[in-house]
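Before any comments, here is the structure.
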Amino acid sequence: MITVVETPVASSQASGLRGPARHAYDRFLDELSHSGCVALGYRVTGPEPLPRLCVKHLRGADRVVVAFPAPETVWVLLVGPHDDDPGRNLYDALYELAGVRPRSGDKRTKPRCCDDDTGAPPVVDADLVDDLVARARAITRARRR
């Protein structure tokens, strides 16, 4: 069994999901806790740390971004729509959170989340996850002002 932890930001974002969107998220959390990286779609491409983060399409435009500080632990970092609105787009929030942005000319691939050879998730340093969580809190506080 995989331990699934939501950042306060992801928890707040998920609390805004209703109806079928909420049901899809709850199903995802259950699958994630039982299957780990197999429950995810792909790794994000771009500069570090993006390739160590994984994404799952939930329903419609809704996405979830996660990080594995250990193979048996996963943090849900962000939950939200992949939207053209810069204020709502999950990927814009992710890039702000990670402090990096893919170059506009970079080819965007979607490699599987699990390693093809070992089946393991892309593990990130626990300090990086702590940093991402702290940045997410700071960004949320700044937007509330």
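Scan the range 27-60 for residues that are in a helix (DSSP H, G or I), touching a residue at least 60 places away in the same chain (Cβ under 8 Å) and surrounded by 18 or more Cβ atoms within 10 Å (Cβ to Cβ) and jot them down. Spell out how you get there, then give the answer.
If we filter the range 27-60 for residues that are in a helix (DSSP H, G or I), which is where we start, we get 27-39, 50-52.
Next, only the ones that are touching a residue at least 60 places away in the same chain (Cβ under 8 Å) stay: 36-38, 51-52.
Scanning the range 27-60 gives GLY36, CYS37, ARG52.
Quickly run through the range 1-23 and pick out the residues that are surrounded by 14 or more Cβ atoms within 10 Å (Cβ to Cβ), modelled with pLDDT of 90 or more and more than 24 Å from ARG108 (Cβ to Cβ).
ILE2, VAL4, VAL5, GLU6, ALA14, LEU17, ALA21, ARG22
Quick check, is CYS37 closer than 19 Å to ASP116 by Cβ, out of contact with any Lys or Arg (no Cβ under 6 Å at 6 or more places or on another chain) and at pLDDT 95 or above?
Details: closer than 19 Å to ASP116 by Cβ: yes; out of contact with any Lys or Arg (no Cβ under 6 Å at 6 or more places or on another chain): yes; at pLDDT 95 or above: yes.
Yes: the conditions hold for CYS37.
Quick check on the range 61-86: of everything there that is assigned to a loop (DSSP other than H, G, I, E, B) and touching a strand residue (DSSP E or B) at 6+ places or on another chain (Cβ under 8 Å), which residue is modelled with the lowest pLDDT? Please lay out each step first, then the result.
Within the range 61-86, the subset assigned to a loop (DSSP other than H, G, I, E, B) is 61, 71-72, 82-86.
Restricting the remaining residues to those that are touching a strand residue (DSSP E or B) at 6+ places or on another chain (Cβ under 8 Å) gives 61, 71-72, 82.
Working: ALA61: 87, PRO71: 93, GLU72: 95, HIS82: 84.
Restricting to residues being assigned to a loop (DSSP other than H, G, I, E, B) and touching a strand residue (DSSP E or B) at 6+ places or on another chain (Cβ under 8 Å), the top hit is HIS82.
From the set of residues in the range 62-121 that are of a type in the set (Val, Ile, Thr) and surrounded by 15 or more Cβ atoms within 10 Å (Cβ to Cβ), which is farthest from the chain's Cα centre (by Cα)? Let's see the steps before the verdict.
Filtering the range 62-121 for residues of a type in the set (Val, Ile, Thr) gives 64-66, 73-74, 76, 79, 100, 109, 118.
Keeping just the survivors that are surrounded by 15 or more Cβ atoms within 10 Å (Cβ to Cβ) gives 64-66, 73-74, 76, 79.
Values: VAL64: 5, VAL65: 1, VAL66: 3, THR73: 14, VAL74: 10, VAL76: 6, VAL79: 7 Å.
Filtering the range 62-121 for residues that are of a type in the set (Val, Ile, Thr) and surrounded by 15 or more Cβ atoms within 10 Å (Cβ to Cβ), the one farthest from the chain's Cα centre (by Cα) comes out as THR73.
The values are calculated or read from the model by the stated rules, or taken from the named source; none is laboratory data. All values derive from a computational prediction rather than experimental measurement. Don't worry about glycine lacking a Cβ; one is built from the backbone with ideal geometry, like all the others, and counts go over all protein chains shown.
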